[in-house]
Amino acid sequence: MIEIRFHGRGGQGSVTAAELVAQAAINEGKYAQAFPSFGPERRGAPVSAFLRVSDSQIFLREKIEAPDVIVVLDASLIELVDVFSGLKAGGSAVMNCPPHKRKSLMPWNESYRLVTVDATQAAMNNIGLPIANTAMIGALLKGMGLIKLDSFQMPLQTRFGRLAEKNFQSMTQAFHDAQIAEPSGEAPLSSPAQELDFSGIIEKEALMAWKSLALGGDILEPGNSARFLTGTWRMTGKPVFHSDACTKCGLCRLFCPEDAIFRDADEQFIYNEDYCKGCGQCARECPKGAITMEEEAWV
Amino acid sequence: MKADKHLEFEKITAKALPEFEALSPGHRACPGCGEMLALRQALKGLGPNTIVVNATGCIEVVSTPFPQTAWNIPWMHVAFENASAVGSGVEAARRALLRKGRLTDADTTIVVVGGDGGTSDIGFQSLSGALERGHNFIYLCFDNEAYMNTGVQRSSATPEFAWTTTCPLGSASSGKTHKKKDLPRIMAAHDIPYVATATPAHPLDLMNKVRKGAAVKGPAFIHIFSPCPTGWRMPAERSIEIAKVAVKSNIYPLYEVIHGEYVVKRNSKNPLPVSEYFKLQGRFKHLTAQDVRTIQDRVDATMDRLLSYARLSDDTKGRP
Ligand SMILES: Cc1ncc(C[n+]2csc(CCOP(=O)(O)OP(=O)(O)O)c2C)c(N)n1
Ligand code: SF4
Ligand code: SF4
Ligand code: SF4
Ligand SMILES: [Mg+2]
């Protein structure tokens, strides 16, 4: 049995990718299961999906804590979520990554096999949209040889109808483009993840455990969602405030769905990077054009 | 006898915006959610002395991923069907406790929150009953024109021709075939003291309408246009813009019905054509020129009707 964990953001199709692979495996006579980790998280939120493929029946039903393979649809997640968590020694990491960022992944290569591909570009070339999930399947197949490319024709047809062919082309291109780097194996199996501190990124403090709940399921602590830092959802950019142009009208603050705009000690308007989801509304609505959306320095 | 259109209430101005936030960040709404934004503004308008009863829907789900909650004020989640019944119960119980002297603060505002599905379909009868009984609460309907939390299914508030997952596009279907239910008009027919429409693109107007709703004795119903980037198939940064265009094109007229009398905010003589509204959203991208004409005629007729009501109310200038 091979256990694969997908990491992506809400809306990027991680769950669909896992399901497509499961379907193709089943069509080849294998056993497979695919399921998401549930939550109310929406577009942009880091999400994961799980996939098991086996030659015999699968009785496990739980989340995958120690995968053989991880598939990361969005490279920006590496600094936000411990995507390598539990990845078995010598396991494979299939990463969506533009060529110029490949070097930044190399530290991981000491312990893990890296399969890299610019899946977003493959999707743009073939589908015309930055939907990298089917391309990432191509890279997964190249890396793992799990299932034949052709076995995806049917599942793609069922799922995408007239867009099936374009998705198949995207998958095929990524299959050819993907580069495999075997682990250099010099370093012991301490992962670079241990040097990154994720604790302050997703949650400020541990989330409340169900056993500590009040009777009747009452939540006695007002506003405790503030422990959940939605700043990790930003996909395209962050708002930058230009104080010279700002008249301090306060409109941006009234138009932020997250209440993520405040005034700093100098009374300047500024965004709260812990919570801003990067929707861009403040920048669009500022009457003075005093806010611009600028790229994050991820990875 | 002329009704008092100039309700007594303390107005919020741009210079003196309340600092109060009823919702903490960390909620899980989609980036750019117009519904959570409108909710945030409405509650800012009401202040901390507020109790909320919330039907199921995006607001409930994204605000309270149990055991976390974004709410900083008393909040209760109930079923679609009985949100207004529970709101009635909270109000009646408080009245009884006040009468018995076991509560002293009579100024608490009770708010029932529902989506368009929760209000115009599933919770409709309990709402109508509560209005008829005259409970002293505000109902806030956040209308994003579909059942969004479950993945964009049509509701009776989905506009004609709009795409949803249950009125798909194809050879046998080209969007919704039925008209949007006119909920504020039905609510006004209950002869309650206050009905209004509002949008998060007009935050002061929204906050002050909610405050008026709190100031009147008896039920108030506020219908809030709530852009949903996810379900409307538009970029996250457009929620405010789309609401502005909806008002400027008369797709979504802003008006109040105060003790039965209409006060309509009039646009300039040249409203935007409705096509300006449609072109910003993926859910309307299949519309034919004929479809657009059909809606334009309907929008024009609705605006004429509203203005004639306002004339009957004999005061279109006296807008507070
Ligand atoms: C009686 C009942 N039917 C169906 C559901 C499933 N359900 C949960 S949220 C939701 C959609 C609610 O739509 P709306 O009221 O418009 O709120 P929105 O999510 O759009 O804000 C549905 C159908 C339910 N919870 N209860
Ligand atoms: S909307 Fe623009 S001008 Fe107004 S406070 Fe915000 S940044 Fe300043
Ligand atoms: S981009 Fe602006 S409006 Fe959107 S969440 Fe961030 S601060 Fe708020
Ligand atoms: S689906 Fe729409 S209403 Fe629901 S959270 Fe997302 S943007 Fe808001
Ligand atoms: Mg809805």
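Is there any pair linking a residue in the range A:279-292 that is under 20 Å from B:Pro227 (Cβ atoms) and away from ligand 1 (no atom under 16 Å from the Cβ) to one that is open to solvent by 10 Å² or more (accessible area, probe 1.4 Å) and among the aromatic types (Phe, Trp, Tyr), with Cβ under 7 Å and at least six apart or on different chains, and which?
Final answer for the pair search is A:Ile291/A:Phe241.
Just to be sure, is B:Ser120 in a helix (DSSP H, G or I), of a type in the set (Gly, Ala, Ser), in contact with a Leu (Cβ under 7 Å, 6 or more places away or on another chain) and farther than 21 Å from B:Asn49 by Cβ? I'd like the intermediate steps shown before the answer.
On the way: in a helix (DSSP H, G or I): yes; of a type in the set (Gly, Ala, Ser): yes; in contact with a Leu (Cβ under 7 Å, 6 or more places away or on another chain): yes; farther than 21 Å from B:Asn49 by Cβ: yes.
Yes: the conditions hold for B:Ser120.
B:Val53 fails exactly one of the following numbered conditions: (1) surrounded by fewer than 22 Cβ atoms within 10 Å (Cβ to Cβ); (2) within 16 Å of ligand 1 (Cβ to nearest atom); (3) modelled with pLDDT of 95 or more; (4) not acidic (Asp, Glu). What is the number of that condition?
(1) is the only condition that B:Val53 fails.
Inspect all residues belonging to the range B:72-95 and state whether any of them is part of a helix (DSSP H, G or I), within 16 Å of ligand 5 (Cβ to nearest atom) and surrounded by 14 or more Cβ atoms within 10 Å (Cβ to Cβ). If you could, list the steps in order and put the result at the bottom.
Step one: list which residues in the range B:72-95 are part of a helix (DSSP H, G or I), which gives B:83-95.
Those left that are additionally within 16 Å of ligand 5 (Cβ to nearest atom): B:83.
With surrounded by 14 or more Cβ atoms within 10 Å (Cβ to Cβ) added as a condition, the list becomes B:83.
There is at least one residue in the range B:72-95 that is part of a helix (DSSP H, G or I), within 16 Å of ligand 5 (Cβ to nearest atom) and surrounded by 14 or more Cβ atoms within 10 Å (Cβ to Cβ).
State all residues of the range A:31-62 that are among the charged types (D, E, K, R), under 21 Å from A:Ile147 (Cα atoms) and either modelled with pLDDT under 85 or open to solvent by 50 Å² or more (accessible area, probe 1.4 Å) (or both); if no residue qualifies, say none.
A:Asp55
Within the range B:128-143, is even one residue within 14 Å of chain A (Cβ to nearest Cβ) and within 14 Å of ligand 4 (Cβ to nearest atom)?
So far as the range B:128-143 goes, yes, one or more of its residues are within 14 Å of chain A (Cβ to nearest Cβ) and within 14 Å of ligand 4 (Cβ to nearest atom).
Within the range A:269-293, which residues are near ligand 2 (Cβ under 9 Å from one of its atoms) and more than 12 Å from chain B (Cβ to nearest Cβ)?
Answer for the range A:269-293, where residues must be near ligand 2 (Cβ under 9 Å from one of its atoms) and more than 12 Å from chain B (Cβ to nearest Cβ): A:Phe269, A:Lys288, A:Gly289, A:Ala290.
Residues that are modelled with pLDDT of 95 or more and within 24 Å of B:His135 (Cβ to Cβ): does the range B:157-177 have at least one?
Checked against the condition, which is being modelled with pLDDT of 95 or more and within 24 Å of B:His135 (Cβ to Cβ), the range B:157-177 yields at least one hit.
Among the residues of the range B:236-292, count how many are touching a Gly at 6+ places or on another chain (Cβ under 6 Å) and outside any helix (DSSP H, G or I).
Here the count works out to 0.
Looking at (1) in contact with a helix residue (DSSP H, G or I) (Cβ under 9 Å, 6 or more places away or on another chain); (2) surrounded by 16 or more Cβ atoms within 10 Å (Cβ to Cβ), find the lone condition where B:Thr13 falls short.
It fails just one condition, (2).
Looking at the range B:280-301, which of its residues are within 23 Å of the chain's Cα centre (by Cα) and farther than 16 Å from B:Glu145 by Cβ?
B:Gln296, B:Asp300, B:Ala301 - these are the residues of the range B:280-301 that are within 23 Å of the chain's Cα centre (by Cα) and farther than 16 Å from B:Glu145 by Cβ.
Of all residues in the range B:140-174 being more than 11 Å from ligand 5 (Cβ to nearest atom) and hydrophobic (A, V, I, L, M, F, W, C), which is farthest from the chain's Cα centre (by Cα)?
Among residues in the range B:140-174 that are more than 11 Å from ligand 5 (Cβ to nearest atom) and hydrophobic (A, V, I, L, M, F, W, C), the one farthest from the chain's Cα centre (by Cα) is B:Ala172.
Right, B:Thr64: within 16 Å of ligand 4 (Cβ to nearest atom), at pLDDT below 95, β-branched (Val, Ile, Thr) and at negative phi or not? Walk me through how you get there before you give the answer.
Details: within 16 Å of ligand 4 (Cβ to nearest atom): yes; at pLDDT below 95: yes; β-branched (Val, Ile, Thr): yes; at negative phi: yes.
So B:Thr64 passes the test.
The values are calculated or read from the model by the stated rules, or taken from the named source; none is laboratory data. Note that the coordinates shown come from a computational prediction; the quantities given were computed from them, not determined experimentally. We place every Cβ from the backbone using ideal geometry, glycine too, and count neighbours over all the protein chains shown. To get the accessible areas, we keep the full protein, side chains included, count just its heavy atoms, and leave off ligands, DNA and RNA. Shrake-Rupley method; radii C 1.70, N 1.55, O 1.52, S 1.80 Å.
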